[in-house]
Amino acid sequence: MLDHHTYIQFCVTDEQKFRARELVQHSLHHHHTPNIWDRHAAKHSHTRMLRFTGTLGEIVFADAYHLPRPTRSFGAADGQDWGQDFQIDTDSQQFAVDIKAMKRKTGVLHGDYVLNIPASQLHKPESRTTHYFCISFHQSAEDGTIASLIGFIDKEALYHEQVGRFYRAGTTRVRKDRTSFTFHEDTYEVPFRDIDPPFVTDSIRRRGGYRLCHLR
């Protein structure tokens with residue numbers, strides 16, 4: 001097990017990106033279930049980008065841990081996954097994992113960078129989620145798209161604020177560069193340093209561009 005200040009990186013393949021685009025294209029044409037992004041996204045392209053990032057995160061996670069890939073992107077008319085993108089069974093526990101993927105300008109990540117999780121997701125009555133998993137993508141001039149697997153967040157620990165912190169809608173937060181933003185809804189904010197690190201397998205070590213990284 002890695003320590004809390006370590007994450008892993010590897011290259012995303014062209015085939016993984018192609019498959020994510022296929023699923024997103026299908027969802028945009030055939031599935032019109034509204035989502036939280038649509039309330040704030042003025043442009044169709046923004047929804048496409050967010051769906052692509054989320055779907056790519058699921059594909060990358062599935063391939064990394066030898067799990068079945070998603071067969072649809074967000075918005076299927078036959079209902080949602082209720083916060084369970086993947087089920088992982090161990091000898092002692094069953095995990096229902098909800099993938100949280102984002103894009104950043106850099107793969108050099110700091111411990112005070114955060115993942116924001118809307119409280120509405122955490123408290124959704126039908127939710128099956130037991131853990132969230134954070135993935136960050138960035139573009140490298142040399143290696144193309146790079147995935148940073150940051151790790152797991154225990155939902156119950158987040159709910160009881162044993163990790164992260166809860167902020168009410170309307171709270172203004174200041175970024176590291178001194179710019180500010182306001183939460184539009186109740187939100188849990190989880191610093192990367194509080195996220196449990198990912199598991200590293202031999203197959204992950206063999207992936208192109210694999211390396212261990214440390215939060216700054």
(request) Among the residues of segment 157-203, count how many are more than 18 Å from the chain's Cα centre (by Cα) and among the hydrophobic types (A, V, I, L, M, F, W, C). (result) 5
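Which of the residues spanning segment 183-206 are outside any helix (DSSP H, G or I) and open to solvent by 60 Å² or more (accessible area, probe 1.4 Å)?
Taking segment 183-206 and keeping what is outside any helix (DSSP H, G or I), we get 183-191, 195-201, 206.
Answer for segment 183-206, where residues must be outside any helix (DSSP H, G or I) and open to solvent by 60 Å² or more (accessible area, probe 1.4 Å): 184, 196, 199, 206.
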(request) Please give the number of the condition residue 176 fails out of (1) touching a helix residue (DSSP H, G or I) at 6+ places or on another chain (Cβ under 7 Å); (2) in a loop (DSSP other than H, G, I, E, B); (3) within 19 Å of residue 102 (Cα to Cα). (result) (1)
(request) Would you tally the residues in segment 162-177 being open to solvent by 60 Å² or more (accessible area, probe 1.4 Å) and modelled with pLDDT of 90 or more? (result) 4
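Being open to solvent by 60 Å² or more (accessible area, probe 1.4 Å), on the phi < 0 side of the Ramachandran plot and either in contact with a strand residue (DSSP E or B) (Cβ under 8 Å, 6 or more places away or on another chain) or among the aliphatic types (A, V, I, L, M) (or both) is true for just one of 136, 148, 180. Which residue is that?
Values: 136 fails: open to solvent by 60 Å² or more (accessible area, probe 1.4 Å); 148 fails: open to solvent by 60 Å² or more (accessible area, probe 1.4 Å).
From the options 136, 148, 180, the qualifying one is 180.
Kindly state which strands (runs of 3 or more DSSP E) lie completely within segment 94-152 and contain at least 1 residues that are among the basic types (Lys, Arg) and farther than 18 Å from residue 165 by Cβ.
Working: elements: 94-103, 114-118, 131-140.
Those strands (runs of 3 or more DSSP E) span 94-103.
The values are calculated or read from the model by the stated rules, or taken from the named source; none is laboratory data. Since the model is a prediction, treat every value here as computed from it, not as a measurement. Heads up, the Cβs are rebuilt from the backbone with ideal geometry, glycines too, and the neighbour counts pull from every protein chain shown. To get the accessible areas, we keep the full protein, side chains included, count just its heavy atoms, and leave off ligands, DNA and RNA. Shrake-Rupley method; radii C 1.70, N 1.55, O 1.52, S 1.80 Å.
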